[in-house]
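**Q** Below: one structure in structure tokens.
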Amino acid sequence: MKSLTDTRTLSNGEQIPCLGFGTWQTPNGKTTVNAVAQAITAGYRHIDAAAIYGNEVSVGEGIAQSGINRADLFVTSKLWNSERGQERTIAAYEKTLSDLKLDYLDLYLVHWPAAIGTTKNWEEVNADTWRGMEKLYHDGRVKAIGVSNFLPHHLTALMDMSNIAPMVNQIEFHPGQMQHETMAFCKQHDILIEAWSPLGTGKMLRSESLRTIAGKYNKSVAQLCIRWCLQNDTVPLPKSATPSRIIENAQVFDFEISPDDMAQINAMPYFGGSGLNPDEIRF
Ligand code: A2P
């Protein structure tokens, strides 16, 4: 990957820009409008949104304000957990489009699996939701569909009960939390991994080991983490509301982490992250 606009190819042939701009935890209003517009001005061509972030109206305003041609932008959103099931999925998609003021999405994801810890018939609930996603896809309303936070057992059950395999799985992915089993499963089934919280919601930035490695390349720890995601064939989705960091996080195409340093980072034990387990979440 040599630039922000370089793409990876999804299993259905759609192109996805290799790095996206995350919008989680930026509040609805001017902060988000400006951050999204600044990101697009800085060259990002991939915006990652979600209904539950509560800021899709502002994300849409940021997109409009940037003046970018819609066809040149890749926009993702996610179906929230309260809207599972075929009919609700379609209605939630309409609401998201109307909030974003767009007439299609490039990618729509199921935000979290209905899971063993919370839902007795979780396999059927996920399959029913997925039927809504498949319908949107078949009807040409969305260019690609996928999931988020799905572990191999959620994916296996879903794929056994449906016609179209997810094209993407967006998971928490940063040093110390590589989710090896999920990675291997997705690789085997041609499901692209997107990395949410590539900076471990900022926790990676305190690591001395990462600081030492980043120093070798004259890069920040944030840039090292984002580059590490790219070299692990994932699509990182860093987020920032700070203009200088929005630019910094995109300057990751002028260096290459050596195989030894990649191996060292890959081997780091868990040292912090969201702590969320998809089978145990209560939201
Ligand atoms: P801010 O929005 O104030 O810039 P993650 O993407 O892993 O969830 O991490 C996001 C957090 O990391 C946000 O709190 C963001 O803060 C911060 N952040 C993003 N980019 C950088 C950076 N380049 N340097 C330091 N902190 C950053």
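The values are calculated or read from the model by the stated rules, or taken from the named source; none is laboratory data. Here the structure is a predicted model, which is why all the values come from computation and not from measurement. When we count neighbours, we look across all protein chains shown, and the Cβ atoms used for this are built from the backbone with ideal geometry, even at glycine. Heads up: the accessible areas ignore ligands, DNA and RNA and are worked out on the full protein's heavy atoms, side chains in. Shrake-Rupley method; radii C 1.70, N 1.55, O 1.52, S 1.80 Å.
**Q** Does residue 209 count as touching a Pro at 6+ places or on another chain (Cβ under 9 Å), surrounded by fewer than 19 Cβ atoms within 10 Å (Cβ to Cβ) and of a type outside the set (Phe, Trp, Tyr)?
**A** Spelling it out, residue 209 is indeed touching a Pro at 6+ places or on another chain (Cβ under 9 Å), surrounded by fewer than 19 Cβ atoms within 10 Å (Cβ to Cβ) and of a type outside the set (Phe, Trp, Tyr).
**Q** Let me ask another. Do you know which of the residues in segment 200-221 that are over 17 Å from the mean Cα position of the chain (by Cα) and in a loop (DSSP other than H, G, I, E, B) is nearest to the ligand (Cβ to nearest atom)?
**A** It comes out as 220.
**Q** Would you confirm, using the coordinates I've provided, whether residue 257 is surrounded by 14 or more Cβ atoms within 10 Å (Cβ to Cβ), within 12 Å of the ligand (Cβ to nearest atom) and closer than 24 Å to residue 16 by Cα?
**A** No.
**Q** Also, I was wondering about something else. What pairs can you find where one residue is in segment 239-261 and more than 22 Å from residue 216 (Cβ to Cβ), the other is within 10 Å of the ligand (Cβ to nearest atom) and not β-branched (Val, Ile, Thr), and their Cβ atoms are less than 6 Å apart, with a gap of 6+ or different chains?
**A** Cβ pairs passing all conditions: 239/22; 239/24; 241/35; 246/240.
**Q** Check segment 168-179 and report whether any residue there is among the charged types (D, E, K, R) and part of a strand (DSSP E or B).
**A** yes
**Q** Give me the pairs, please: first residue somewhere in segment 9-29 and without any contact (Cβ under 8 Å) to a residue 12 or more places away in the chain and β-branched (Val, Ile, Thr), second residue anywhere and away from the ligand (no atom under 14 Å from the Cβ) and open to solvent by 10 Å² or more (accessible area, probe 1.4 Å), beta-carbon distance under 9 Å, and either six or more positions apart or on two chains.
**A** The qualifying pairs are 9/15; 9/192.
**Q** Also, I was wondering about something else. Within the bounds of segment 255-263, is there any residue that is of a type in the set (Val, Ile, Thr), outside any loop (DSSP other than H, G, I, E, B) and over 29 Å from residue 120 (Cα atoms)?
**A** no
**Q** Something else about it: Those residues that are in a loop (DSSP other than H, G, I, E, B) and either modelled with pLDDT under 95 or open to solvent by less than 30 Å² (accessible area, probe 1.4 Å) (or both), I need them from segment 180-199; list them, please.
**A** Scanning segment 180-199 gives 191, 197, 198, 199.
**Q** Related question: If the requirement is being at negative phi, modelled with pLDDT of 95 or more, near the ligand (Cβ under 9 Å from one of its atoms) and buried (at least 17 other Cβ atoms within 10 Å of the Cβ), which of these qualifies: 237, 224, 230?
**A** 237
**Q** Could you tell me whether any residue of segment 148-171 is closer than 22 Å to residue 224 by Cα, under 16 Å from the mean Cα position of the chain (by Cα) and not charged (D, E, K, R)?
**A** Scanning segment 148-171 turns up at least one residue that is closer than 22 Å to residue 224 by Cα, under 16 Å from the mean Cα position of the chain (by Cα) and not charged (D, E, K, R).
**Q** While we're here: Please verify whether segment 7-16 includes one or more residues that are within 16 Å of the ligand (Cβ to nearest atom) and at pLDDT 95 or above.
**A** no
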